[in-house]
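Before any comments, here is the structure.
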Amino acid sequence: MLITTPTGRILIDCGPEMRLQLLAAYVPSIDAVLLTHAHADHIHGLDDLRQFTFSSGNPVDVFASAQTLKRVTHVYDYCFKDTGPGGGKPQLHLYELNYGQTIGLAGITIKATRHMHGSLDVTSFVIGDRFVYCTDVSLIPEETMAEFEGKDVVVVGAVRPDSKPHASHFVLPEALDVLNRLAPRLGLITHMSHSFEHGTVEAQLPKNRRLAYDGLIVSLSEHGISLAGPSDSDA
Ligand SMILES: [Zn+2]
Ligand SMILES: [Zn+2]
């Protein structure tokens, strides 16, 4: 997910298709990356950040938990040691981001919160005072739910549309329960598997609950929340 503010761009997670998605969205630069956790579908695009570091001449700052950074330095060990002349590597500056910590990036505050993904601790983010991003989630502790309350937009992961439990992800009814309790003005479902038939499932969702999709743009202003993207402009 890409956050755009008047002063910069922050990428949350960096999956294998990151390069193609950023090209499609005409994104010329990235100021920082926040990582939720180190599973392959969230970090295997990190090498492609090199084009941004080449064009700007500056490193990209990457913020994540100590556990996630440990995996990043293992998987991308060549980025952090002298490998001799030639080749191209991204310049990544790693910063540990602890649960409960708030940082300022691109003119907004971002608070790191903790949730569970099976037995793994994963970082969720409260962005400004209006937006929550929580993916790869099977349990949200009460103290984290308290951080999510009163926000305008909540994005939460669900891997299947049916009610059969999954060991490390919410299924749709569980994600909708969370949204029902938090009652944001807009609730978005993300991290869906192929088992979602987008139009059929979305037609059955409660009001102001939507399935996210590649290219969806959520704009927040003092006037409210608006959605734009290929599916919405077709409507
Ligand atoms: Zn995961
Ligand atoms: Zn994932």
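The values are calculated or read from the model by the stated rules, or taken from the named source; none is laboratory data. Quantities reported herein were computed from a predicted structural model and do not represent experimental measurements. Glycine also receives a Cβ, built like all others from the backbone with ideal geometry; neighbour counts cover every protein chain displayed.
Things worth noting here:
- Test: residue in region 141-155 that is within 15 Å of ligand 2 (Cβ to nearest atom), modelled with pLDDT of 95 or more and crowded, with 18+ Cβ neighbours inside 10 Å: yes
- Restricted to region 126-215, the set of helices (runs of 4 or more DSSP H) holding at least 1 residues that are within 18 Å of the chain's Cα centre (by Cα) and charged (D, E, K, R) comprises 142-148.
- Selected residue (only one of D48, D61 is of a type in the set (D, E, K, R), away from ligand 2 (no atom under 16 Å from the Cβ), in contact with a Lys or Arg (Cβ under 9 Å, 6 or more places away or on another chain) and outside the structural domain of T109 (by TED's automatic domain parsing)): D48
- Test: residue in region 150-159 that is in contact with an Asp or Glu (Cβ under 9 Å, 6 or more places away or on another chain), of a type in the set (K, R) and on the phi < 0 side of the Ramachandran plot: yes
For (1) of a type in the set (A, V, I, L, M); (2) outside the structural domain of T5 (by TED's automatic domain parsing); (3) within 27 Å of V60 (Cβ to Cβ); (4) within 16 Å of ligand 1 (Cβ to nearest atom), each residue gets a yes or a no:
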position	(1), (2), (3), (4)
K111	no, yes, yes, no
L139	yes, yes, no, yes
D162	no, yes, no, no
A167	yes, yes, no, yes
P173	no, yes, no, no
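- Close Cβ contacts (under 7 Å, 6 or more residues apart or on different chains) running from residues in region 107-124 that are farther than 23 Å from S168 by Cα to residues that are within 11 Å of ligand 1 (Cβ to nearest atom) are absent.
- Flag if D31 is touching a residue at least 60 places away in the same chain (Cβ under 8 Å), closer than 28 Å to G128 by Cβ and acidic (D, E): yes
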